[in-house]
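Take a look at the structure set out below.
Just so it is clear, none of the values below were taken in a lab; they were calculated from the coordinates. Quick caveat: nothing in here was measured; it's all calculated off a predicted structure. Backbone-built Cβ (ideal geometry, glycine too); neighbour counts: all protein chains shown.
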Amino acid sequence: MNLSALSLAATPPAVVTTDAIPGLPTPAAGELDLLSLVLHASLPVQLVMLLLLIGSVLSWVIIFRKKRVLDAAARRADDFEERFWAGAELSGLYREINQDRDSQTGLAAIFENGFREFARLGQRRGVDSRTQLEGAQRAMRTSLAREIDHLETNLEFLANVGSIS
């Protein structure tokens, strides 16, 4: 083996400076360095990359917050189901929920709105039980839609950032 070939193989690739950013070394041909690619990109490309980076950071913030919200909603739903199926009187459960403002989300809020409408219609004269049930169902559907909207907050942003990236 030739000694000069060995010394060529052992030498590191040359670093070339360019006029794009004075004094900033550019990797030799065939090497890719992420930082130099970004720094040597045109201004519009750098702006797009910056927007993607900001979108990514915001997405992760939203994802962690959404996880916390969904975990709390699942805990509150489990707590409500446990109280609901414990066999307590529904009017007593309604009073409990009505007094505890923190539990007025999720299933508890849906139950509260449905029971309130059921009781309100029950106090009217001439309202049959079918109308009473339909009113309670309507109130519960409205409350369910509100709860779903609350849980779906910021999902559009995540979908847009995901499709753009």
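Quick notes
- Shape of the stretch 48-164 from the C-alpha gyration tensor: prolate (a/c of 1.5 or more and a/b above b/c, with a ≥ b ≥ c the square roots of its eigenvalues).
- Proxy reagent accessibility, fewest Cβ within 10 Å first, across GLU134, GLU152: GLU152, GLU134
- As a rough footprinting exposure proxy, the listed residues SER91, SER59, SER143 were ranked by other beta carbons within 10 Å of their own, and the order from fewest upward is SER91, SER59, SER143.
- For GLU156, GLU81, GLU147, order by how many other beta-carbon atoms lie within 10 Å, fewest first: GLU156, GLU81, GLU147
- Segment ILE63..LEU158, full-extension length gain: 33.4 nm, with 0.36 nm per residue of separation and the alpha-carbon distance subtracted.
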